Amino acid sequence: MRKIQVITLFPEMFEGVLNSSMMWKAQDQKAVEFRMINLRDFGLGLRKRVDDTPYGGGDGMLLMAEPLFAAINDGKKFDPTAKVVLMTPRGMRWKQSLAQTWSDSNDDYIFVCGRYEGYDERIMTLVDEQVSVGDYVLTGGELPAMTIIDSIVRLIPGVLGGENSAAIESFSDGETLEYPQYTRPEVFNGLEVPKVLLSGNHGEIAKWRAENSLKAE
Ligand code: 4GT
């Protein structure tokens, strides 16, 4: 069973996503186990402080090294060989082929979600990978972490059900995005389904789909 841990100040943000049909199925099948680590639990002092101002001045607050180290160590205690993945706009751009590689590997992960203006740089001594979902800045790493977790978990064998989706996957080389699809009825509001898809000619259908597939970047 794959173990995925998440370090965050907002574990409740993950509830809806991790309890949605497919993620729930994955847990039910024992394909994956999720564990939330609340960074606040490792905050300093009575106020459970996790952030402080940057040396040298500047706007905003940074997550302090000490609570981050303690939270990551908690994750490592639970799963000593887990890879530590930092969510940051400075990371490598996430894409389908990475989702496939990470899903195929038997690695476990600890996703670290930042807040405020970022992290004390010394966290890098514990980080194995840095990933970004795109060239834009968000208020936290939670949404990127959910995106990446979803893209990995759906590719674990047995998690994704249904012939339709499996067909797309086998067609896909990881970089090819899906072709246009239609379901009943044949005509909706005067809009017709392409005739070739109703032809029963599997060769022609495959050709049409290849021609109408999008290539990633
Ligand atoms: C964007 C991304 C990300 C953020 C991204 C540290 C403080 C980072 C807030 C966090 N924004 N994280 N992973 N594009 N913001 O992936």
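The values are calculated or read from the model by the stated rules, or taken from the named source; none is laboratory data. The structure displayed is predicted, hence computed values, not measured ones. All Cβ positions, glycine included, derive from the backbone under ideal geometry; neighbour counts span all protein chains shown. All accessible areas refer to the heavy atoms of the entire protein, side chains included, with ligands and DNA or RNA removed. Shrake-Rupley method; radii C 1.70, N 1.55, O 1.52, S 1.80 Å.
Things worth noting here:
- Restricting the range 100-127 to residues that are open to solvent by less than 80 Å² (accessible area, probe 1.4 Å) and of a type in the set (Asp, Glu), the residue that is nearest to the ligand (Cβ to nearest atom) is ASP120.
- Residue count for the range 83-97 satisfying the condition of being under 12 Å from the mean Cα position of the chain (by Cα) and away from the ligand (no atom under 13 Å from the Cβ): 1.
- Extreme residue, surrounded by the fewest Cβ atoms within 10 Å (Cβ to Cβ), among residues of the range 195-212 that are farther than 30 Å from LYS95 by Cα and in contact (Cβ under 8 Å) with a residue 12 or more places away in the chain: LEU198
- Residue within the range 1-10 that is under 19 Å from the mean Cα position of the chain (by Cα), without any contact (Cβ under 8 Å) to a residue 60 or more places away in the chain and open to solvent by 20 Å² or more (accessible area, probe 1.4 Å) present: yes
- Yes/no for MET146 being within 16 Å of the ligand (Cβ to nearest atom) and within 12 Å of the chain's Cα centre (by Cα): yes
- None of THR147, THR139 is closer than 18 Å to TRP94 by Cβ, open to solvent by 40 Å² or more (accessible area, probe 1.4 Å) and at pLDDT 90 or above except THR147.
- If the condition is being within 16 Å of the ligand (Cβ to nearest atom) and open to solvent by 10 Å² or more (accessible area, probe 1.4 Å), then the range 41-82 contributes ASP51, ASP52, THR53, PRO54, GLY58, ASP59, GLY60, MET61, LEU62, MET64, ALA65.
- Single condition GLY158 does not satisfy, out of (1) at pLDDT below 95; (2) within 16 Å of the ligand (Cβ to nearest atom): (2)
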